[in-house]
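This report concerns only the one structure given below.
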Amino acid sequence: MKKTILAVSLLAFCFTSAISQKVYATKTGQISFDATGTDPESIKAVNNQVDSKFVDKTGQIVFSVLIKGFKFANALMEDHFNENYMESTKSPKADFKGFITNIGSVNFAKDGTYEISSKGTLTIDGKGKEITATGTLTIQNGKPTIKSSFNIKLLDFIHGSYIGSQIASEAKTVVICKYE
């Protein structure tokens with residue numbers, strides 16, 4: 001009898017803990033980058049179809065993006081990006097899986113802007129690298145928005161002989177996600 005009561009109590013506690021977590025999600029996040037080097041033409045792209053989720057209690061966060069979703073002002077540059085540098089037919093997605101390391105400092109019940117840090121694995125073209133990034137998490141009317149800006153070393157992930165001359169060695173990357 002004691003074991004049954006203990007098991008039911010444990011199950012109720014786990015169920016209550018799972019319910020008290022909130023998973024925020026978006027499918028319309030934005031990632032943009034600027035990899036302009038010595039080439040007189042800017043090398044910038046934006047993707048407005050970023051799929052992202054994060055858990056308020058644990059800080060677990062995931063971003064996923066289709067490589068072909070990045071749009072450039074120059075169609076030929078977009079083709080080169082997909083075919084020569086990213087090989088997007090072989091590896092169509094990029095993702096980040098990690099944690100907001102200081103999620104405990106965010107008060108989800110109060111509007112405000114909070115400094116956050118994240119750490120996790122960025123995977124592009126099947127190559128994973130651990131990265132850290134800082135940014136802000138803004139709560140407005142109970143809805144969070146995450147903004148972050150960081151650099152990605154291109155040689156860690158992509159192919160191409162022009163990296164470091166015509167193309168910058170690092171891409172300045174900006175992430176903006178408004179969650180529901």
Condition set assigned to a strand (DSSP E or B) and surrounded by fewer than 20 Cβ atoms within 10 Å (Cβ to Cβ), scope segment 27-44, selection modelled with the lowest pLDDT: answer is THR36
Does SER118 satisfy the condition of being closer than 30 Å to PRO40 by Cβ, assigned to a strand (DSSP E or B) and either at pLDDT 95 or above or touching a Cys at 6+ places or on another chain (Cβ under 9 Å) (or both)? no
Filtering segment 97-117 for residues that are hydroxyl-bearing (Ser, Thr, Tyr) and in contact with a Lys or Arg (Cβ under 7 Å, 6 or more places away or on another chain) leaves a count of 1
Note on MET77: of the conditions (1) crowded, with 19+ Cβ neighbours inside 10 Å; (2) among the hydrophobic types (A, V, I, L, M, F, W, C); (3) modelled with pLDDT under 95, unmet is (1)
When segment 89-112 is checked residue by residue, the ones that are surrounded by fewer than 15 Cβ atoms within 10 Å (Cβ to Cβ), not charged (D, E, K, R) and not in a loop (DSSP other than H, G, I, E, B) are GLY104, SER105, GLY112
Worksheet item: Has segment 131-148 got at least one residue that is out of contact with any helix residue (DSSP H, G or I) (no Cβ under 7 Å at 6 or more places or on another chain), of a type in the set (S, T, N, Q), within 28 Å of GLU41 (Cβ to Cβ) and surrounded by 18 or more Cβ atoms within 10 Å (Cβ to Cβ)?
Response: yes
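The values are calculated or read from the model by the stated rules, or taken from the named source; none is laboratory data. A quick note: this is a predicted structure, and the numbers were derived from the prediction, not measured. Neighbour counts run over all protein chains shown; Cβ positions are idealised from the backbone, glycine included.
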